[in-house]
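S.K.: Please see the structure below; I have some questions.
No lab work stands behind these numbers, since they all come straight from the coordinates. Note that this is a predicted model, so its numbers are computed, not measured. Backbone-built Cβ (ideal geometry, glycine too); neighbour counts: all protein chains shown.
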Amino acid sequence: MTTTHTPPDTDADAAPGGELPRILAERWTCRQFRPDPVPRTVIGQLLHMAQRTPSWCNAQPWHVHLTEGAATERLRTGLLDHVQSHPAEPDFPFPAQYTGVYRERRRECGYQLYASLGIRKEDQEGRLRQLLRNFELFDAPHAAIITTEADLGIYGAVDCGAYINTFLLAAHSLGLATAPQAALASYPDFLREHFGIPDHRRVVAGISFGYADLDAPVNSFRTSRAVLEDAVTWHTGSVGTEEAGG
């Protein structure tokens, strides 16, 4: 596998795309937040930007359940208690397995995560403890649970994936940190009961967000990205002229 880690582009403002190249290069997944709440006005800006996400037939299938203050604490406490006594039953099947390059990339991220915390491979208790941090929302002051309409099937979920990406980039542009979490979608029945989500809605994912604790060791690493040759095949129109990369 060929990977590369691209540092932030200090000249992004002058480059084509303006701020976007910088935001794409700098955004990362935060796994330890400060307790400071995000002002409502800033969250409003974030949600307005995320609402500009394109969607299939302009269906805009996403609906967000967003917490702050005591509501975040109730979610954190209730979810952590629930996951320790119930099996995961996500609305959308999780990957059956990771093989080949996908396994390598997943393992690379896992190694970086555990190394940042000093958790050894054989330390199963430490690994479980870190897994459960997902359900503590990494101490974030806010959580967003993204749902889609059941009748829209996979395309509704794809649209919500696009919404999540816009949310993450918009949050970074506002100085916020985020942690997109499939783990929070592992227990949709709990979330439906907790938030009063109708049965015809499906839970896609969750996002913990707030301000990053930059002194936390777990926030010290950044994941790599594959080079274009591994992700793109050009087709030029002539037989036998396919080439990788760009």
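S.K.: In region 82-103, how many are in contact with a Phe, Trp or Tyr (Cβ under 9 Å, 6 or more places away or on another chain), of a type outside the set (A, V, I, L, M) and part of a helix (DSSP H, G or I)?
M.R.: Result for region 82-103: 1.
S.K.: Another question about this same structure. Being more than 20 Å from GLU193 (Cβ to Cβ) and either basic (Lys, Arg) or within 17 Å of the chain's Cα centre (by Cα) (or both) is the filter here, so list the residues in region 52-76 that pass it.
M.R.: Within region 52-76, ARG52, THR53, TRP62 meet the criteria.
S.K.: Hey, another quick one. Can you say whether ALA88 is within 22 Å of the chain's Cα centre (by Cα), of a type in the set (Gly, Ala, Ser) and farther than 24 Å from ALA171 by Cβ, as far as the supplied structure shows?
M.R.: Yes.
S.K.: Another question, if that's okay. Of everything in region 52-73 that's in contact (Cβ under 8 Å) with a residue 24 or more places away in the chain and part of a helix (DSSP H, G or I), which residue is farthest from TYR187 (Cα to Cα)?
M.R.: TRP56
S.K.: Which of the residues that make up region 23-51 are assigned to a loop (DSSP other than H, G, I, E, B), polar (S, T, N, Q) and surrounded by fewer than 16 Cβ atoms within 10 Å (Cβ to Cβ)?
M.R.: Step one: filter region 23-51 for residues assigned to a loop (DSSP other than H, G, I, E, B), giving 27-28, 30-32, 34-39, 51.
Still in the list and also polar (S, T, N, Q): 32, 51.
Answer for region 23-51, where residues must be assigned to a loop (DSSP other than H, G, I, E, B), polar (S, T, N, Q) and surrounded by fewer than 16 Cβ atoms within 10 Å (Cβ to Cβ): just GLN51.
S.K.: On the given criteria, is THR72 β-branched (Val, Ile, Thr), surrounded by 13 or more Cβ atoms within 10 Å (Cβ to Cβ) and touching a strand residue (DSSP E or B) at 6+ places or on another chain (Cβ under 9 Å)?
M.R.: It is true that THR72 is β-branched (Val, Ile, Thr), surrounded by 13 or more Cβ atoms within 10 Å (Cβ to Cβ) and touching a strand residue (DSSP E or B) at 6+ places or on another chain (Cβ under 9 Å).
S.K.: Quick one: which helices (runs of 4 or more DSSP H) sit completely within region 115-217 and have at least 3 residues that are in contact (Cβ under 8 Å) with a residue 24 or more places away in the chain, closer than 30 Å to GLY18 by Cβ and of a type in the set (A, V, I, L, M)? Spell out how you get there, then give the answer.
M.R.: Details: elements: 124-132, 153-173, 188-195.
The qualifying helices (runs of 4 or more DSSP H) are 153-173.
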